[in-house]
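Below is one structure, written out as structure tokens; comments come after it.
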Amino acid sequence: MVVGWTTPLSGPAALWGVTALGGKAWADYINDQGGVHGRKIKVMLKDDGYNPTRALTNLQEMKGKVFGVCGLLGTAVLNATKDFFPENKVVSITPYGDVRIWARTPKEKMRYTFVAYTDYEDEAEYLAKYAIKDLGCKKIGVFYQNDDYGKMGLAGVNKGLAAMAGKAKLVGKVPYGVTERALSTHALNLKKSGAEAVIVYATMTHGALIIKEMAKIGYRPKVLVTFPLGDPIMYKIAGEAWEGTYIALPGNSGVPSVEPEAERVVKILLKYNPKLAGKEYLALFGSISMMHFIEGLKNAGRDLTTESMIKGMEKIKNWRPEGIAAPVTYGPNRRHGINASRIGQAQKGQHVPLAPFTIFKPLF
């Protein structure tokens, strides 16, 4: 049984491609346990470089060769490929990107897609409120990718500010293009804004660059980042400037080295792919996507068809994969399995949760 996985193994978001390697490592582990109902899982892995056209080409090449697709990554990629799944009757399990894409999709086209991903707008609203209520910041800045991903973050920050009824204001919004690398002017503009807190919606590369550039000019606001920057590998790429950063940890994964359940899974992943050492957070994230796929396969039974897989996914109720993350629920009328966040902080090389999960309403 073949699972397709197209992801950025190269390009500006290559670090995020580790999710696919984590997913494959978990599949290898399950195969060594005998597979699922006697079926072994083969992962067909392709690089799309975070490019929507390449991702769609990869999917077209997989057509007829894969049973389903796991962990499709990137808001622009999801927008470009969303019709592929209903048109070809291929299941898509846990795509990573702006969940509002699916909220806008007609219900009949959502039959094949199961999403376990935090809504950026809900998360950004949560971060803005945390900056104001818990950190006491009255001037907020946003550094964001100038596309649907970043703009969702900006929209959520505005929503959070509105909900706080004048207790803080947005003093700076600084966009960047995904191909940009020189961010000194962006950092200067944030400093000039006087923002006491900067909320970041960026790739890991750009998140590290802006934080280093801000530190260079002696600008050290409170920094709060979206969960795609939740990997402690940020210490390696951002350096000591990363210490103290606040991170919105996602509801669909856990924190290795801090949570025993997550650490147990990470040890298994490292056994099957030692090169994942130092990249445990994203490897775990991807392995949990594969766990979703496998749970659907288990529930589907021995007579595996696309329809039985759909029904198998719909049977998942209040399930925590390997005891990790907030509970997941799918159903005939629910495809957004989890929408949750919790604040964490970068402390001495680790990301430490500071609060329990806040569960947001599922969007579809």
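The values are calculated or read from the model by the stated rules, or taken from the named source; none is laboratory data. Just so we're clear, the structure is a prediction, and the values are computed from it rather than from any experiment. Cβ: placed from backbone, ideal geometry, glycine included. Neighbour counts: every protein chain shown.
General remarks:
- Residue count for segment 83-98, restricted to those that are closer than 29 Å to Ile343 by Cβ and either among the small types (Gly, Ala, Ser) or touching a Pro at 6+ places or on another chain (Cβ under 9 Å) (or both): 2
- Within segment 5-17, tally of residues that are modelled with pLDDT of 95 or more and either aromatic (Phe, Trp, Tyr) or part of a helix (DSSP H, G or I) (or both): 2
- Test: residue in segment 18-36 that is in contact with a Gly (Cβ under 8 Å, 6 or more places away or on another chain), assigned by TED's automatic domain parsing to the domain that holds Lys311 and not in a helix (DSSP H, G or I): no
- Output for segment 14-46, where each listed residue is small (Gly, Ala, Ser) and surrounded by 24 or more Cβ atoms within 10 Å (Cβ to Cβ): Gly17, Ala20, Gly22, Gly23, Ala25, Ala27
- Segment 287-305, residues that are assigned to a helix (DSSP H, G or I) and either more than 23 Å from Gly34 (Cβ to Cβ) or among the charged types (D, E, K, R) (or both): Glu295, Lys298
- Residues of segment 50-72 satisfying the condition of being crowded, with 17+ Cβ neighbours inside 10 Å and in a loop (DSSP other than H, G, I, E, B): Tyr50, Asn51, Val66, Phe67, Gly71, Leu72
- All strands (runs of 3 or more DSSP E) inside segment 73-177 with 1 or more residues being in contact with a Phe, Trp or Tyr (Cβ under 7 Å, 6 or more places away or on another chain) and assigned by TED's automatic domain parsing to the domain that holds Ser308: 91-93, 113-116
- Filter result for the condition that a residue is of a type outside the set (A, V, I, L, M, F, W, C) and touching a residue at least 40 places away in the same chain (Cβ under 8 Å), over Gly331, Gly296, Gly312: Gly296
- Among the residues of segment 326-361, those identified as crowded, with 19+ Cβ neighbours inside 10 Å and outside any strand (DSSP E or B) are Ala326, Tyr330, Arg335, Asn339, Phe360.
- When Phe364 is tested against (1) modelled with pLDDT under 95; (2) in contact with a His (Cβ under 8 Å, 6 or more places away or on another chain), exactly one condition is not met: (1).
- Among residues of segment 189-218 being among the hydroxyl-bearing types (Ser, Thr, Tyr) and in contact with a strand residue (DSSP E or B) (Cβ under 9 Å, 6 or more places away or on another chain), the one that is nearest to Ile140 (Cα to Cα) is Ser193.
- Lone unmet requirement of (1) more than 29 Å from Pro106 (Cβ to Cβ); (2) more than 19 Å from the chain's Cα centre (by Cα); (3) among the hydroxyl-bearing types (Ser, Thr, Tyr) for Thr306: (1)
- Evaluating Leu73 against the criteria (1) aliphatic (A, V, I, L, M); (2) touching a Pro at 6+ places or on another chain (Cβ under 8 Å); (3) over 26 Å from Phe357 (Cβ atoms) leaves one unmet condition, (3).
- Just one of the numbered conditions (1) assigned by TED's automatic domain parsing to the domain that holds Glu322; (2) over 13 Å from Val18 (Cβ atoms) is not true of Ala238: (1).
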